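Colleague: Handing you this structure, nothing more for now.
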Amino acid sequence: MSMFYEATYLVDSRDTDLFAQCRPSALLGFLQEAAIQAAGEIGVSREKMIQQYHAFWMLSRVRYNLKRPLRCGERVRVKTWHRGGKSAMMYRDFDLFVGEEHVGEAISIWVLTELESRRLLRLSDVSEFERTDGGELCRSEQLHKPRPPEELTLSEVRRMHYSDTDINGHVNNGKYADFVCDALSMEALGKGAFVSSLQLGYLAECLPGEEISLYTGGEGREHFALGRGAEGKERFQAILTLDKLA
């Protein structure tokens, strides 16, 4: 038996870039919202985890792959399920559809983190996960930390603001995609192309008031971005793939 959750999201003018395509950050927002709603459906919502385990969900890594760009006015159906909770990491898979057309897929890794200590909890201790995974839908693909290019260039230093934050008090997961696209000058890089794949790894929280140095590298289809805090600690890594429009 498999368990999954489905929701449909409209790509509207707030989600669209200058090329009339869904921005990577907006797509990550759809994935995040579907994951949040799916967690609620099986009894592991943020509110329940805080009340029962004094912990909250944090996204560790995410990657999506698209066969074509998502466009303004399209309705994207997101189908999602998790692979079970035994270690400290929970994998969640996604399929993306426009109508009956399969347009892409995604994978994310979530961890359950104690509110004060930020210690990771073992998901085997969360009884609510029992018999709620995707069963035969579950994939075996893993997400690994990408290897950066040998040469990286400082593209900009960006200050984190109130508008970047979410309910957990740190910079929202999707905002990092905006940071990456801005650092890569996507307004020029994306002409005649679309972001066919984006992987983000969240290494440490970013908080409002901090300044993050953004480094970029790569060429051709693949581009890499890395964010460091003022103390020199890596906060996130990203690898973005561009493909030409058909």
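Colleague: Would you kindly state how much longer the chain becomes between Lys48 and His144 on full extension, computed as 0.36 nm times their sequence separation minus their alpha carbon distance, in nm to one decimal? Can you show the working numbers first?
Modeller: Details: separation 96, 0.36 × 96 = 34.56 nm, distance 2.96 nm.
So the extension gain works out to 31.6 nm.
Colleague: Using the crude model of +1 on Lys and Arg Cβ and -1 on Asp and Glu Cβ, and no other charge, please compute the dipole size for the stretch 143-221 relative to its Cα centre, in debye to 20.
Modeller: Details: 7 positive and 12 negative charges, 54 e Å.
That gives a dipole near 260 debye.
Colleague: Place +1 on the Cβ of every Lys and Arg and -1 on the Cβ of every Asp and Glu in the stretch 53-110, take the dipole about the Cα centre, and give the residue among Gly85, Asn65, Ala55 whose Cα lies farthest towards its positive end.
Modeller: Positive-most Cα among the choices belongs to Ala55.
Colleague: A further question on this structure: Quick check for you: which residues of the stretch 87-103 have the amide N under 11 Å from the point 7 Å beyond the Cα of Lys67 toward its beta carbon?
Modeller: What the label zone holds, given the 11 Å backbone N cut-off, is 96-98, 100-103.
Colleague: Say the dipole of the stretch 108-164 comes from +1 at the beta carbon of Lys and Arg and -1 at that of Asp and Glu; which of Gly134, Thr153, Trp110 then lies farthest toward its positive end?
Modeller: Toward the positive end, the furthest listed residue is Thr153.
Colleague: Let me ask something additional. Given labels modelled 7 Å from the Cα in the Cβ direction, how far is it in nm from Arg75 to Glu33?
Modeller: 1.4 nm
Colleague: Give me the percent of accessible area attributable to carbon and sulfur for the chain, probe 1.4 angstrom.
Modeller: On the way: 5950 of 12190 Å².
Ligands and nucleic acids excluded, carbon and sulfur give 49 percent.
Colleague: Select from the chain the helices, each a whole stretch of DSSP H, whose alpha-carbon atoms run 24 Å or more along the helix axis and whose Kyte-Doolittle mean is at least -0.5; answer none if there are none.
Modeller: Those that clear 24 Å and a mean of -0.5 are 24-41.
Colleague: If you don't mind, there's one more thing I want to ask. Kindly list the residues of the stretch 67-83 that lie in the label zone of Leu137, defined by a backbone N under 11 Å from the point 7 Å along the Cα-to-C-beta vector.
Modeller: 78-83
Colleague: Related question: With an 8 Å Cα cut-off and a minimum separation of 6 or more residues, compute the relative contact order for the chain in percent. Before the final figure, lay out the partial values.
Modeller: Working: 526 pairs, mean separation 50.0, N = 246.
After rounding, I find 20 percent.
Colleague: FRET efficiency for Lys244 and Thr153, Cβ-Cβ distance as r, R0 = 35 Å, nearest 0.05?
Modeller: Numbers: r = 24 Å, r/R0 = 0.69.
Given R0 = 35 Å and the Cβ-Cβ separation, E is 0.90.
Colleague: How much of the pair distance distribution for the stretch 93-183 lies past 17 Å, counting alpha-carbon pairs only, in percent? Don't skip to the answer; put the middle values down first.
Modeller: Details: 3012 of 4095 pairs.
Cα-Cα pairs of the stretch 93-183 separated by over 17 Å account for 74 percent.
Colleague: For the stretch 131-217, compute the orientation-averaged projected area of the C-alpha convex hull (one quarter of its surface), in nm². Spell out each step's value before the answer.
Modeller: Working: hull surface 34.9 nm².
The orientation-averaged projected area of the Cα hull of the stretch 131-217 comes to 8.7 nm².
Colleague: Residues of the stretch 72-149: accessible area per residue at 1.4 Å, in Å²?
Modeller: Values: 4020 Å² over 78 residues.
That works out to 52 Å² for each residue.
Colleague: Stretch Ser124-Ser87 to full length: gain in nm at 0.36 nm per residue minus the Cα-Cα span?
Modeller: Numbers: separation 37, 0.36 × 37 = 13.32 nm, distance 0.65 nm.
My answer for the length gained is 12.7 nm.
Colleague: Take the chain, connect every pair of alpha-carbon atoms lying under 10 Å apart with a spring to form a Gaussian network, then pick out the residue of Ser155, Ser127, Ser25 with the largest mean-square fluctuation.
Modeller: Ser127
Colleague: Name the long-range amide H neighbours of Ala88: under 5 Å, sequence gap of 5 or more, or other chain; modelled H, no Pro or chain starts.
Modeller: Result for Ala88 returns Leu123.
Colleague: Placing +1 at every Lys and Arg Cβ and -1 at every Asp and Glu Cβ, with all other atoms neutral, what dipole size does the stretch 1-130 have around its Cα centre, in debye to the nearest 20? Intermediate values should be presented prior to the final figure.
Modeller: On the way: 18 positive and 18 negative charges, 80 e Å.
Rounded to the nearest 20 debye, it is 380 debye.
Colleague: Follow-up question, since we're still on this one. Helix-only estimate, please: 222 nm mean residue ellipticity of the chain, summing -39500 (n - 2.57) across DSSP H runs of length 4 or more and dividing by its residues, to the nearest 500. Intermediate results must be reported in sequence, preceding the final value.
Modeller: Working: 4 runs with 39 residues, N = 246.
It comes out at -4500 deg cm²/dmol, rounded to the nearest 500.
Colleague: Same structure again: Which value, in debye to the nearest 20, describes the size of the charge dipole of the chain about its Cα centre when Lys and Arg Cβ atoms bear +1, Asp and Glu Cβ atoms bear -1, and nothing else is charged?
Modeller: Numbers: 31 positive and 37 negative charges, 56 e Å.
Dipole of the chain, to the nearest 20 debye: 260 debye.
Colleague: In square nanometres, what is the average projected area of the Cα convex hull of the stretch 1-106?
Modeller: On the way: hull surface 30.2 nm².
Taking a quarter of the hull surface, the average projection is 7.6 nm².
Colleague: Also, I was wondering about something else. Please label the shape of the stretch 36-168 as rounded, prolate or oblate, based on the square roots a ≥ b ≥ c of the eigenvalues of the alpha-carbon gyration tensor (a/c under 1.5 means rounded; beyond that, a/b larger than b/c means prolate, else oblate).
Modeller: Details: a/c = 1.57, a/b = 1.11, b/c = 1.41.
In terms of gyration-tensor shape, oblate.
Colleague: Amide H neighbours of Ser60 under 5 Å, counting only residues 5+ apart in sequence or on other chains, H built in-plane at 1.01 Å?
Modeller: Excluding prolines and chain starts, which carry no amide H, the hits are Ile109, Trp110, Val111.
Colleague: In the calculated pair distance distribution of the chain, what percentage of Cα-Cα distances lie above 32 Å? Provide the component values of the computation, followed by the final result.
Modeller: Details: 5887 of 30135 pairs.
Roughly 20 percent, rounded to a whole number.
The values are calculated or read from the model by the stated rules, or taken from the named source; none is laboratory data. Because the structure is predicted, anything quoted here is derived from the model rather than measured. Note that we place each Cβ from the backbone using ideal geometry, even for glycine, and neighbour counts take in every protein chain shown. Side chains are part of the model used for accessible areas, which takes the heavy atoms of the whole protein and leaves out ligands, DNA and RNA. Shrake-Rupley method; radii C 1.70, N 1.55, O 1.52, S 1.80 Å.
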